1. Gain in length, LEU276 to LEU41, computed as 0.36 nm per residue apart minus the alpha-carbon separation, to one decimal in nm?
2. Calculate, in nm to one decimal, what ASN417 and LEU299 gain on full extension: separation in residues at 0.36 nm each, minus their alpha carbon distance.
3. Where Rh is the Kirkwood radius over the Cα pairs of region 373-490, the temperature 25 °C and the viscosity 0.890 mPa s, what D in µm²/s does Stokes-Einstein return?
4. Taking H as built 1.01 Å from N, whose amide H comes closer than 5 Å to the amide H of ASN592, not counting residues under 5 places away?
5. Between ASP633 and ASP560, what length in nm is gained on full extension when 0.36 nm per residue of separation is reduced by their alpha carbon distance?
6. Could you pull the accessible area for ARG504 with a 1.4 Å probe, rounded to 10 Å²?
7. Give me the distance between the Cα centres of region 111-152 and region 405-453, rounded to whole Å.
8. Between THR355 and ARG682, with labels modelled 7 Å along Cα→Cβ, what's the label distance in nm to one decimal, could you check?
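The values are calculated or read from the model by the stated rules, or taken from the named source; none is laboratory data. All figures in this text were calculated on a predicted structure; none of them were measured in a lab. Every residue, glycine among them, receives a Cβ derived from its backbone with ideal geometry; neighbour counts consider all protein chains shown. Remember, those area values only see protein heavy atoms, side chains included, never the ligands or the DNA or RNA. Shrake-Rupley method; radii C 1.70, N 1.55, O 1.52, S 1.80 Å.
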Amino acid sequence: MDKKDKISNVATLAQRIWYFFPIQILLLHFKRNHIILGFWLILFLFITNSIGFKYGIPFLFLTPEYFGNIDFLSYLILGTATGGFIMAFNIYSYIMFASEFPFLATFSRPFIKFCYNNLLIPLSFVLVYSWESYWFQLEEELISTNHILINLLGFNLGVLLFIIFASIYFIRFNKNIYHFSGKDEAYFQSHFKEIVKEATFHKKTKWYYRISQSKKVKILTYINNFREIKLARNIKHYDKNLLKQVFAQNHINASIYELMLFITFLLLGIFRENPLFNLPAGASFFILFTLFLLLYSALYSWFKGWTLSFLILCLFFLNYSTGTEDSFLFKSYAYGIDYETKPKYNNNKLNQIATNYDQIETDKANTISILEKWKNKNINEDGSLPKLIVLNVSGGGLRSALWSFHAVSYLDSVCENKLLPQTELITGASGGMIGISYLRELYLQQKINPEIKLTDNKYKIRISKDLLNPLLFGIATTDFIFGFQQTQFGNYSYSKDRGYSFERRIEENLNGTFRSKTLKSYLKPEKSGIIPMLFLTPTIANDGRRLLISPHSHSYLSRDTSTYNNIDYQQLFKGNKPNQLKYLSALRMSANFPYILPMISLPSSPNLEIVDAGIKDNYGLQTSTEFLVEFSDWIAENTSGVIILEIRDTPKLKVINPSLNYNSLMQRLTLPVGNIIKNVLRIQDYNNAKLLEKTKSNFPTKLDSFTLFVNQNEKQNISMSWHLTKLDCKKIYKSIDSDHNQKTINAIKDLVLSK
């Protein structure tokens, strides 16, 4: 072979590689298919811990849970959902690009062959996922290698089974050009001139007969099956109308398949209360993305290049049609209260509450009565006055729930079970309030059942159980469909949504502890001084004010007539049976992280939309200092001082990254807004530090403040999520032994136990 022939062979090989069907499809994706690439990019970023780590989203993919277990079955379900997304990707790509490759119509199974050649992105994802999941299971969930391999086998088997299932459908119904013509290859080659002369295209054709008139993509080689690569055949001698008919029936079959999947997802939403249908949260993401793809590909089949414009018009129409109070969008309810009565929410109403001096004096007298009972319970045998303890617990998802429970129960035990009796006020935000509410409820039950040990590990295991799966599954399977179902609480019926699923999962995780609890359940125990008072302080999204929720009226904290910053729940909704509010709904209002949980609408005019307490006061210090200042005279006369104990999920003083410079264009563009949002809790810390110092300097008796926190840094970070890994739990438990926390515990112990 001479040099010229070698060069020719190399050039031919290079052409066959460049015009290899999988490579040309991949290039088309990057050229025209940016929407689907966006989905894949998000998924790759999730599984590589590049985004969403702060909220624990990667964990949901890398270690899926089903019935509380990470095992073969949970991975099988996740793999099946992944297979569904891969097939949706293939369908979408086929509808978008198949007409660019007319030679497909000559294959015995056009769609299946297309899937073989559209495998580069899905295959890369499965390989990267298997690698990342292996190490995550090993290092974060502390799973043995054998079990990891079994789990990954389940994932890959799930992917394969769904693809096989879908392939059987398309093998059964997809036909090629020879089926439609009744002729073989030899006929088309011998009658080439007549076919070309007679072939015509008509503009007025049904959607499923349309084939792009754009320039076709050159293909020299393709994957025929997983054992061989073949040369692409010439299709110039085929009747274009027959080619068009092949793609038409493929479009119809794909649309029928999409419809079947869509109905399946809706059925999952309808029956999602059944534990069998509480799929792993990672699978919910795939379901959600699959729904988007199916919808978009179906619309593209109809509207082609007008699809994006049509969707924009739909968004405008949807926004316009839902702009009224009686729109078809479902509201999320706080269960237990009356929604028929709608008090006005305006400055006049707030002024009435703020200047109702008779009510203010009545509420102050009621609180002083509670304080007196607290004093009588805690006064020392020698007549010396006790320390009054205030607990502030931070938000932060499940890590805060577990930490607040663990830290306070531990501290109470080392203080000879005197910490909780001397605690008079608890406030804070989000997950921390869920954990401390559970501890307070067990403390109340302990009065009847002394066998309850607050440090028992079983309670910590319960509070650390997953809460994220029902939320994301609710998003994926549409709250809109689920909203047609009703639930009964008290005397009223309400529509269901993922907020309902969230409350139900808390009930299940905590062994039914809060199932029938309302605000009224804590009215007498608080009033008699058996348990500490607890304020829930969610944020009103309408105007940024704070709603103070308690079994008692605390209108004395709402009398600031300059801004009406605090709104007393009992006074604003006094005609709505406020104490019939389900306690878990009250907790949900305090832990209502935007978008993850739906905003709760309260019955006022206009409706109050309620979001997470942490948006305004993540640590509860503003509420607790206002309370202390209000009763400073009584506290000075009847206590030996105040201890403010802040239980927070992160260190107060963050390490400054010396290598972080904002030099790039994107960093400079996002710095003003992005970092303000990112640092909102730090800003609260700066303001709270000044507030605490001012309160201390002006307070008539000694005020000590302490902080217990979870050890976290860049290398040891626990996500702010409603899901915890096994390693996360170990880090939280171990944080109690840190030097800072042990010194703080010893200092508190000395104050609590001192006579």
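1. Values: separation 235, 0.36 × 235 = 84.60 nm, distance 3.04 nm.
Stretched out fully, the LEU276 to LEU41 stretch lengthens by 81.6 nm.
2. Numbers: separation 118, 0.36 × 118 = 42.48 nm, distance 6.44 nm.
Full extension from ASN417 to LEU299 adds 36.0 nm.
3. Details: Rh = 16.5 Å.
Answer, rounded: 148 µm²/s.
4. Counting only residues 5 or more places away or on other chains, the set is ASP612, ALA613.
5. On the way: separation 73, 0.36 × 73 = 26.28 nm, distance 1.96 nm.
Once the chain is fully extended between ASP633 and ASP560, it gains 24.3 nm.
6. Only protein atoms counted, so the area is about 70 Å².
7. Region 111-152 and region 405-453 have Cα centres spaced 43 Å from each other.
8. If labels sit at THR355 and ARG682, their model points lie 4.3 nm apart.
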